[in-house]
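These notes are about the structure you will find just below.
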Amino acid sequence: MSFSSTDVTSLRAAATGDVFARGDNGLVDAVAAQNTLILHNPDIAVVAADEADVSLAVRFAAEHRLSVTVQSTGHGAWRPVSEGLLLVTGKLDTVSVDEDERIATIGAGARWSAVIDAAAPFGLTPITGSSPHVGAVGYTLGGGLGPLARSHGFTTDWVHGFRVVIGDGSVVIATTSENPDLFWALRGGKGGLGIVTEMRLELVPLRTVFGGSLFYDTPDVETALRAWVDWTATAPDNVTTSVALLSMPPIEEIPEPFRGRFLLALRFTYPGNPEDGDRLLQPLRQAAPVYLNGVTEIPTTAMGSIHADPTEATPIWDLGLLLNRIDQDFVTELLASFGPGTNSPFVAVEIRHLGGATRHDVEGGSAVGGRTSAFTLTLIGVVPPLFERMEAIAHDFLDRTERWVSAETNINFSSHVDTPEHFAQAWPPEVFDRLARVRATYDPEGLFAFGPVEAVPQA
Ligand SMILES: Cc1cc2nc3c(=O)[nH]c(=O)nc-3n(C[C@H](O)[C@H](O)[C@H](O)COP(=O)(O)OP(=O)(O)OC[C@H]3O[C@@H](n4cnc5c(N)ncnc54)[C@H](O)[C@@H]3O)c2cc1C
């Protein structure tokens with residue numbers, strides 16, 4: 001890697017967006033991640049104002065042998081970027097909707113909230129994740145499992161095409177007919193393939209869902225959790241549910257009914273009429289006394305309230321994986337580590353039910369990992385002094401629950417991928433190998449850093 005201050009001045013003059021070199025005022029804010037413990041400090045950051053800036057930055061990186069990483073909202077940052085060029089796409093946030101074709105054209109920096117709001121006036125909605133604040137493109141490149149996962153599958157199953165800046169700085173289209181291998185790879189392969197500048201996503205006609213959360217108080221957590229696990233064995237494919245053991249801190253920012261409590265949240269989403277939804281919910285409502293019932297008919301614009309993910313940047317420790325199955329013995333292990341009375345340091349321990357449409361691949365295939373898994377499991381902590389304890393508890397739990405854990409994960413649910421083996425697990429082995437071949441085609445110099453080690457191209 002070598003570039004001079006004159007090179008930076010030339011890049012700055014050619015770019016429409018902002019260019020920061022290490023040490024420049026404004027760099028820290030421009031590259032801030034959602035996890036406040038991750039502090040990026042790249043050699044250079046380009047805040048792209050348009051697609052031409054993306055090409056310019058990639059060509060600059062190629063010329064000066066810099067690795068390229070990309071960040072939109074920073075929700076997916078799992079290690080600090082400490083060298084190379086960090087391309088920030090947050091300003092490429094345009095969204096337009098073609099009502100007749102039911103297609104949204106989504107800029108690389110757009111959050112789901114912008115897509116949801118643009119689609120809603122036409123009675124349409126994207127298949128999103130749990131949080132409207134997450135970036136639509138970064139999320140979809142990893143597959144994307146949200147509150148409509150069982151009825152509508154992975155979000156990437158709804159993609160019609162991408163515009164991508166590849167390793168030589170040129171722009172290519174990836175669809176089923178143009179660069180189909182790149183299209184296959186971008187549907188779940190996530191990184192190391194190029195910088196997506198735009199995504200065309202099919203929208204579904206849906207104005208409301210029957211959704212929200214049932215909350216069970218501490219004494220009823222075990223009964224409700226065990227009933228949900230049994231219920232998932234025969235749950236209809238058009239209902240998506242998840243549970244979260246929530247340990248709410250006793251602080252003012254947490255609203256009164258939740259403050260300082262240990263609760264089970266059972267999230268429920270049914271994309272149909274409220275009468276049918278209510279009938280489907282009934283066994284879960286009757287499984288144990290309900291502390292708060294927040295399940296009702298809501299507009300798709302309010303779907304973020306189902307999981308109510310935090311929006312503020314915070315320090316985060318998390319661990320994610322997929323499960324083959326769960327049963328009552330698994331619940332016993334889960335409660336022994338994270339249940340009431342364990343003084344669990346985790347703010348949330350979440351299990352999402354997969355299956356239904358998530359099992360069906362698209363015509364022509366995709367690179368998504370985790371289609372054969374039945375559940376996700378995510379452990380989340382936000383109090384740094386407790387992180388070491390969390391790690392120890394998590395490892396002890398994983399030692400006891402190996403038989404339920406899937407060999408394969410999904411890159412959006414892998415949290416920090418710290419070893420090459422852990423990284424490879426995010427896809428089936430044959431998909432992982434094919435992804436490597438596609439990466440070599442579109443990024444032969446290995447410019448786009450992705451994976452556990454910071455890839456710095458050698459001169
Ligand atoms: C609160 C929260 C809720 C979440 N909920 C869900 C969920 O319901 N379902 C789910 O599947 N995942 C979920 N995730 C995981 C999330 O989808 C991933 O972390 C995703 O990568 C975030 O994308 P981003 O662009 O917002 O983040 P960033 O940190 O900006 O980007 C993350 C990565 O995405 C890739 N990327 C982003 N933009 C581009 C681009 N233009 N071109 C090429 N690569 C790009 C890069 O590899 C980049 O490192 C959640 C994460 C958080 C923090």
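The values are calculated or read from the model by the stated rules, or taken from the named source; none is laboratory data. Predicted, not measured: the structure shown is a model, and the values here were computed from it. Methodologically, a virtual Cβ is constructed for each residue, glycine included, from the backbone with ideal geometry; neighbour enumeration extends over all protein chains shown. Side chains are part of the model used for accessible areas, which takes the heavy atoms of the whole protein and leaves out ligands, DNA and RNA. Shrake-Rupley method; radii C 1.70, N 1.55, O 1.52, S 1.80 Å.
Of all the numbered requirements in (1) out of contact with any His (no Cβ under 9 Å at 6 or more places or on another chain); (2) farther than 23 Å from VAL431 by Cβ, VAL243 misses one, and that requirement is (1).
Taken together, the criteria exclude PHE268 from residues that are touching a strand residue (DSSP E or B) at 6+ places or on another chain (Cβ under 8 Å), away from the ligand (no atom under 14 Å from the Cβ) and part of a loop (DSSP other than H, G, I, E, B).
The helices (runs of 4 or more DSSP H) found entirely in the stretch 60-167 that carry 2 or more residues being within 7 Å of the ligand (Cβ to nearest atom) and at pLDDT 95 or above are 136-141. Looking at (1) surrounded by fewer than 20 Cβ atoms within 10 Å (Cβ to Cβ); (2) in contact (Cβ under 8 Å) with a residue 40 or more places away in the chain, can you tell me which one THR234 breaks? Here THR234 clears every test but (2).
Evaluating GLU99 against the criteria (1) open to solvent by less than 10 Å² (accessible area, probe 1.4 Å); (2) touching a helix residue (DSSP H, G or I) at 6+ places or on another chain (Cβ under 6 Å); (3) not basic (Lys, Arg) leaves one unmet condition, (1). Scan the stretch 311-331 and give yes if some residue there is in a loop (DSSP other than H, G, I, E, B) and free of Cβ contacts under 8 Å to residues at least 12 places away in the same chain, otherwise no. The answer is yes, given that some residue of the stretch 311-331 is in a loop (DSSP other than H, G, I, E, B) and free of Cβ contacts under 8 Å to residues at least 12 places away in the same chain.
Matching residues to (1) open to solvent by less than 70 Å² (accessible area, probe 1.4 Å); (2) assigned by TED's automatic domain parsing to the domain that holds LEU145; (3) in a loop (DSSP other than H, G, I, E, B):
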position: ALA244; (1), (2), (3): yes, no, no
position: PRO250; (1), (2), (3): no, no, yes
position: GLU256; (1), (2), (3): no, no, yes
position: GLU275; (1), (2), (3): no, no, no
position: PRO283; (1), (2), (3): yes, no, no
position: ALA287; (1), (2), (3): yes, no, yes
position: VAL290; (1), (2), (3): yes, no, yes
position: ASP309; (1), (2), (3): yes, no, yes
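Taking the stated definitions as given, is ALA49 away from the ligand (no atom under 13 Å from the Cβ), small (Gly, Ala, Ser) and either surrounded by fewer than 21 Cβ atoms within 10 Å (Cβ to Cβ) or part of a loop (DSSP other than H, G, I, E, B) (or both)? Taking the combined requirement at face value, the residue satisfies it.
For every residue, the table says whether it meets (1) open to solvent by 20 Å² or more (accessible area, probe 1.4 Å); (2) touching a Pro at 6+ places or on another chain (Cβ under 9 Å); (3) at pLDDT 95 or above.
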{"position": "ASP396", "(1), (2), (3)": "yes, no, yes"}
{"position": "ARG400", "(1), (2), (3)": "yes, no, yes"}
{"position": "GLU408", "(1), (2), (3)": "yes, yes, no"}
{"position": "VAL417", "(1), (2), (3)": "no, yes, no"}
{"position": "GLN425", "(1), (2), (3)": "yes, no, no"}
{"position": "ALA436", "(1), (2), (3)": "yes, no, yes"}
